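One structure is given below, encoded as structure tokens.
Nothing in this text is a laboratory measurement; each read-out follows from the coordinates by a stated rule. What you are looking at is a predicted structure, and each value in this text was computed from that prediction instead of being measured. Virtual Cβ from ideal backbone geometry, glycine too; neighbours counted across all protein chains shown.
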């Protein structure tokens, strides 16, 4: 029969080692999470999601204003997303996944356009929702890229190229709806490149892991209280059957994320 004192001592040694074990696990998770960060699909910030930090502040503001007006007057959501890299994924497949995950456009109408630029692959793709494929067929999207976007991208003027893509697409949507856009900028204005804009995804996860570790070191009882703090918000955003409700409350008040979908239409180019 085991000595009770030895058993108690063994349990105490284990409890003292719990923080060390958890630290090792959290460190491994952080390293693997950082290396795979590009594979994760981020939440939308608004009409402009400049995760690569290539757009000027002025172009971001003007593009967001134009996208809001297009949404109000035509019912179509135009969204931009830039990435430094996407983990080697095919940009067309990634854009389609991103479009569906964000739910661009209103469910059932599917009037949305997603413009994705990836710096590492030097590739741009414009994904169109079901509801705009008639006015923006693949051929017309390709023409917009060739005439209005690629000349800027090939010169490294990414901000200007992205803004020009939104302006051109907005013009097509406005013409179809028979409306005039007051926030549509003049073509050809000089723009600068934004500095110091970065995605804070990895840093945010590191901060969360650090707080978790700190609480665990303060005592296992407090550590057990972390779970509801971390996951209650996620549970509130999920339905009773676990289905995700979408990003209606996200996107900086843009309002263009209503559960829309795309069939994979669109066009892309290397630059």
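Structure data summary
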item	result
Calculated FRET value between residue 183 and residue 140, using beta carbons and R₀ = 30 Å, to 0.05	0.85
Label-to-label distance, nm, for residues given as residue 41 and residue 92 (7 Å Cα→Cβ offset)	1.8 nm
Gyration tensor verdict on the stretch 59-131 (Cα atoms; rounded if a/c is under 1.5, prolate if a/b is larger than b/c, oblate otherwise)	oblate
Cα shape, the stretch 126-187, gyration tensor, a/c 1.5 rule	oblate
